[in-house]
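Undergrad: Sharing a structure below in structure tokens format, with a few things to ask.
The values are calculated or read from the model by the stated rules, or taken from the named source; none is laboratory data. Here the structure is a predicted model, which is why all the values come from computation and not from measurement. Methodologically, a virtual Cβ is constructed for each residue, glycine included, from the backbone with ideal geometry; neighbour enumeration extends over all protein chains shown. What goes into the accessible areas is simple: the full protein's heavy atoms, side chains included, and nothing from ligands, DNA or RNA. Shrake-Rupley method; radii C 1.70, N 1.55, O 1.52, S 1.80 Å.
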Amino acid sequence: MAEPLLAVDELSAGYGDFQALFGVSLSVARGEVLALVGANGAGKSTLLRAVTGLVPCARRMVTFKGEAIGGEAADRIARRGIAMVPEGRRLFRSLSVEENLVIGGEYGRKGNWDLASVYALFPILREKRRMPATALSGGQQQMAAIGRALMANPELLIFDEVSLGLAPIVIRDIYAALPAIIGTGVAAILVEQDVARALAFATRFACLQEGRVSLAGDPDGFSREQITAAYFGMERH
Ligand code: ATP
């Protein structure tokens, strides 16, 4: 098998004395979309934070493009080509839409994405580019957050709760844009409350339960009941 883009190997991590992840292993190949699902508190955010350098872990526990990167500083990991669309968007409130996008490109990684291609993907952002980020609707803010992450020309793009708090019609628009992003060869990890939507879009999934992988594989290879059981912990597979 080809070397995965991202490999998480026996990852244990937490906050001080509190352990949130217990020996989690998973991998993401180039061009793949991994849906990471699990109930509140299962450890999804902690896993994302370990991969992006926001929660410490041992170096060998995270490998990106064949290099062990666990525990590296977040900006260093970003420069390597991992970008996150964070939960709650986290745009810079005092900056314009365009300034927010430009900040995403500050590491100067080369690739398909620049202001022109982001505006082509989300034309509303071009229209509103001079407005403060706070003037955007929730859905438009999510588009700006995705655009900002794309400006970094990542090889791995992590979406944390991309549809949280958005109206169904807006969620449809956002998901409609994802194939154009994945089509450029970017791999993605999708953390999503709407499990059915995430599984429909993903090529693979991993379900976390109380800090451990309870089920993983091809979404088509399991019944809805099996995945629900892995999610809520009614039984182990
Ligand atoms: P959610 O969907 O609610 O964000 P999650 O699957 O992302 O859930 P995590 O946020 O990773 O879960 O939380 C895993 C465990 O770590 C939980 O028990 C949580 O209470 C704990 N935890 C999360 N963040 C912190 C923190 N900053 N300090 C201490 N404990 C934390």
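Undergrad: May I ask you to list pairs of residues, at least six apart or on different chains, whose Cβ atoms are under 7 Å apart, with the first in the stretch 9-35 being free of Cβ contacts under 8 Å to residues at least 40 places away in the same chain and the second being more than 13 Å from the ligand (Cβ to nearest atom) and open to solvent by 30 Å² or more (accessible area, probe 1.4 Å)?
TA: Ser27/Pro4
One line per residue, one yes/no per condition, for (1) without any contact (Cβ under 8 Å) to a residue 60 or more places away in the chain; (2) in contact with a strand residue (DSSP E or B) (Cβ under 7 Å, 6 or more places away or on another chain); (3) closer than 30 Å to Ile124 by Cβ:
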{"site": "Asn40", "(1), (2), (3)": "yes, no, no"}
{"site": "Thr52", "(1), (2), (3)": "no, yes, yes"}
{"site": "Met61", "(1), (2), (3)": "yes, yes, no"}
{"site": "Arg76", "(1), (2), (3)": "yes, no, no"}
{"site": "Arg79", "(1), (2), (3)": "yes, no, yes"}
{"site": "Met84", "(1), (2), (3)": "no, yes, yes"}
{"site": "Arg90", "(1), (2), (3)": "yes, no, yes"}
{"site": "Leu101", "(1), (2), (3)": "yes, no, yes"}
{"site": "Gly104", "(1), (2), (3)": "yes, no, yes"}
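Undergrad: Another question about this same structure. Is it fair to say Ser214 is outside any helix (DSSP H, G or I), modelled with pLDDT under 90 and among the small types (Gly, Ala, Ser)?
TA: No.
Undergrad: Does the stretch 185-195 hold any residues that are within 18 Å of Leu47 (Cβ to Cβ) and either touching a residue at least 40 places away in the same chain (Cβ under 8 Å) or assigned to a strand (DSSP E or B) (or both), and which are they?
TA: Correct list: Ala187, Ala188, Ile189, Leu190, Val191, Glu192, Val195.
Undergrad: What's the number of the condition Asp114 fails, among (1) away from the ligand (no atom under 16 Å from the Cβ); (2) buried (at least 20 other Cβ atoms within 10 Å of the Cβ); (3) not small (Gly, Ala, Ser)?
TA: (2)
Undergrad: What number of residues in the stretch 6-34 are more than 16 Å from the ligand (Cβ to nearest atom), among the β-branched types (Val, Ile, Thr) and touching a helix residue (DSSP H, G or I) at 6+ places or on another chain (Cβ under 9 Å)?
TA: 1
Undergrad: Out of the stretch 14-32, which residues are open to solvent by 10 Å² or more (accessible area, probe 1.4 Å) and touching a strand residue (DSSP E or B) at 6+ places or on another chain (Cβ under 8 Å)?
TA: Selection gives Gly14, Gln19, Ala20, Phe22, Gly23, Ser25, Leu26, Ser27, Ala29, Arg30, Gly31, Glu32.
Undergrad: Could I ask something else about it? Out of Arg93, Arg79, Arg89, which single residue is out of contact with any Asp or Glu (no Cβ under 7 Å at 6 or more places or on another chain), among the basic types (Lys, Arg) and crowded, with 16+ Cβ neighbours inside 10 Å?
TA: Exactly one residue qualifies, and that residue is Arg89.
Undergrad: Restricting attention to the stretch 35-63, and to residues there that are under 17 Å from Glu3 (Cβ atoms) and open to solvent by 10 Å² or more (accessible area, probe 1.4 Å), which single residue is nearest to the ligand (Cβ to nearest atom)?
TA: Met61
Undergrad: Name the pairs: first residue in the stretch 196-215 and open to solvent by 60 Å² or more (accessible area, probe 1.4 Å), second residue within 12 Å of the ligand (Cβ to nearest atom), Cβ to Cβ under 6 Å, at least 6 apart or on different chains?
TA: Listed pairs, sorted by first residue: Arg212/Phe22.
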